[in-house]
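A.B. asks: Please find one structure pasted underneath; my questions will follow.
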Amino acid sequence: MNELPRSQALRCFIMVAREGTVSRAAALLRLTQPAVSLQLKALEESTGLQLFNRTSSGFTLTEAGAALLPLARKAVAAVQDFGTAANSLKGSNRPTLRVGTIMDPEFIRLGAFVRSLAASSQRTEVFLRHGVTDDVLAQIGAGELDVGYYIDATPTRRAQRTAERQIEDGRYQLMPLLSYVYRVIAPVEWRDRVMGKTWRDLASLPWLATPPKSAHRRLLDDIFRPLGPLPKRVAGTDQEEAMPDFVESGICLSLARETVLDRITRQRKLVVADRVSLSCDLSFVCLASRRQEPTIASAFDAMRAVWDLAAEGAPA
């Protein structure tokens with residue numbers, strides 16, 4: 001036997017075995033008698049076995065036919081199950097969205113975004129991958145993620161806060177969600193070394209090392225590179241919540257979001273540099289070439305609603 005029998009031939013085999021005649025089997029299968037006879041002949045030829053004894057009163061199973069009948073029933077049932085499952089999946093096929101996340105979920109309003117997509121008419125399935133901002137961008141570019149969060153310095157010129165923009169020569173599309181400020185924190189013992197000082201002055205002090213693909217590293221390098229050698233970096237972490245601990249230990253400077261300064265300065269012995277700050281945009285990003293794909297367009301709409309942003313082109 002060179003190939004598996006067709007499910008139609010197996011159905012004819014099962015029905016003739018049950019009814020005992022080709023005529024009754026053909027009527028129940030809604031086929032002609034010659035069609036059923038041809039299916040049986042093809043099945044016997046493909047197996048090399050005689051499946052029925054043909055008598056004047058009808059068809060009875062041979063020993064080989066009786067042995068194969070239960071397997072035929074299982075095979076037909078498996079084909080039916082396969083079709084049922086395929087139809088079920090087709091009917092419940094939900095769009096998926098792979099999202100690159102950064103920072104803490106509360107700050108980026110991740111929960112509200114995921115709930116919005118899950119409750120939408122499409123009921124989008126969301127898959128999250130946490131990382132650092134430049135890795136998120138690279139994974140979107142490689143097709144490993146569909147959308148993600150991204151941090152960069154606030155542009156010096158932008159028509160309006162909610163206007164989408166492009167970076168990397170138009171390869172990526174950004175929708176700004178929030179502008180916020182980073183300040184420089186230092187050990188309290190370093191007060192005289194940071195108060196009244198410029199970025200050039202702070203370049204001579206050791207800084208906390210963050211991952212090469214992190215927004216902290218990129219933003220600070222963009223500031224310090226035009227001023228001369230990059231500052232010495234010590235220790236290291238990829239968790240923002242751990243950064244004040246390193247600074248309080250007296251070994252380095254670090255960036256901290258202005259929105260958390262009150263809390264961390266109450267809890268730790270830190271000082272905030274008074275002459276320097278860095279304005280950043282938290283944005284939602286995708287490949288510009290995919291911006292209008294239905295699932296990605298819906299994700300941008302959901303994100304805009306979560307952040308209560310005006311529609312593009314309208315006043316915020």
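The values are calculated or read from the model by the stated rules, or taken from the named source; none is laboratory data. Keep in mind that what you see is a predicted model, and the values were worked out from it rather than measured. For neighbour counting, all protein chains shown are included, and Cβ atoms are generated from backbone atoms with ideal geometry for every residue, glycine included.
A.B. asks: Evaluate the stretch 43-57: report whether one residue or more is in contact (Cβ under 8 Å) with a residue 24 or more places away in the chain, in contact with a strand residue (DSSP E or B) (Cβ under 6 Å, 6 or more places away or on another chain), not basic (Lys, Arg) and not assigned by TED's automatic domain parsing to the domain that holds Pro211.
C.D. replies: Yes, the stretch 43-57 has at least one match.
A.B. asks: Just need a number here: residues in the stretch 250-268 that are in contact (Cβ under 8 Å) with a residue 40 or more places away in the chain, surrounded by 14 or more Cβ atoms within 10 Å (Cβ to Cβ) and under 20 Å from Ile108 (Cα atoms).
C.D. replies: Residues in the stretch 250-268 being in contact (Cβ under 8 Å) with a residue 40 or more places away in the chain, surrounded by 14 or more Cβ atoms within 10 Å (Cβ to Cβ) and under 20 Å from Ile108 (Cα atoms): 6 in total.
A.B. asks: Next question, about the same structure. Here are some conditions: (1) under 30 Å from Ala209 (Cβ atoms); (2) without any contact (Cβ under 8 Å) to a residue 24 or more places away in the chain. Val271 meets all but one. Which one does it not meet?
C.D. replies: All conditions are met except number (2).
A.B. asks: Give the number of residues within the stretch 247-290 that are within 21 Å of Phe224 (Cα to Cα) and aromatic (Phe, Trp, Tyr).
C.D. replies: Summing the residues that are within 21 Å of Phe224 (Cα to Cα) and aromatic (Phe, Trp, Tyr) in the stretch 247-290 gives 0.
A.B. asks: Within the stretch 49-76, can you find the residues that are under 12 Å from Gly20 (Cα atoms), surrounded by 12 or more Cβ atoms within 10 Å (Cβ to Cβ) and small (Gly, Ala, Ser)?
C.D. replies: The answer is Gly58, and nothing else.
A.B. asks: Given Val247, Val271, which one is crowded, with 18+ Cβ neighbours inside 10 Å, modelled with pLDDT of 90 or more, within 23 Å of Gly196 (Cβ to Cβ) and in contact with a Lys or Arg (Cβ under 6 Å, 6 or more places away or on another chain)?
C.D. replies: The unique qualifying residue is Val271.
A.B. asks: Collect the residues in the stretch 85-128 that are at pLDDT 75 or above and more than 16 Å from Thr295 (Cα to Cα), keeping them in residue-number order.
C.D. replies: Matches in the stretch 85-128: Thr101, Ile102, Met103, Asp104, Pro105, Glu106, Phe107, Ile108, Arg109, Leu110, Gly111, Ala112.
A.B. asks: What is the one condition in (1) out of contact with any strand residue (DSSP E or B) (no Cβ under 9 Å at 6 or more places or on another chain); (2) in a helix (DSSP H, G or I) that Leu31 does not satisfy?
C.D. replies: In the conditions (1) out of contact with any strand residue (DSSP E or B) (no Cβ under 9 Å at 6 or more places or on another chain); (2) in a helix (DSSP H, G or I), Leu31 misses (2) alone.
A.B. asks: Identify the single condition in (1) within 24 Å of Ala215 (Cα to Cα); (2) assigned to a helix (DSSP H, G or I) that Arg266 does not satisfy, given that it satisfies every other one.
C.D. replies: (1)
A.B. asks: Right, another one. What are the pairs, 6+ residues apart or on separate chains, where a residue within the stretch 13-27 that is part of a helix (DSSP H, G or I) has its Cβ under 6 Å from a residue that is small (Gly, Ala, Ser)?
C.D. replies: Qualifying pairs under 6 Å: Phe13/Ala72; Ile14/Ala72; Met15/Ala25; Val16/Ala25; Glu19/Ala25; Val22/Ser37.
A.B. asks: Given the options Asp221, Asp192, Asp201, name the one that is closer than 20 Å to Glu168 by Cβ and free of Cβ contacts under 8 Å to residues at least 12 places away in the same chain.
C.D. replies: Answer to the selection: Asp221.
A.B. asks: Give the residue, chosen from Thr259, Thr237, that is under 36 Å from the mean Cα position of the chain (by Cα), in a helix (DSSP H, G or I) and of a type in the set (S, T, N, Q).
C.D. replies: From the options Thr259, Thr237, the qualifying one is Thr259.
A.B. asks: Just to be sure I understand the filter: pairs with C-beta atoms under 8 Å, separated by 6 or more residues or on different chains, first member in the stretch 106-134 and over 19 Å from Cys286 (Cα atoms), second member β-branched (Val, Ile, Thr) and assigned to a strand (DSSP E or B). Which pairs pass?
C.D. replies: Pairs found: Ala118/Val126.
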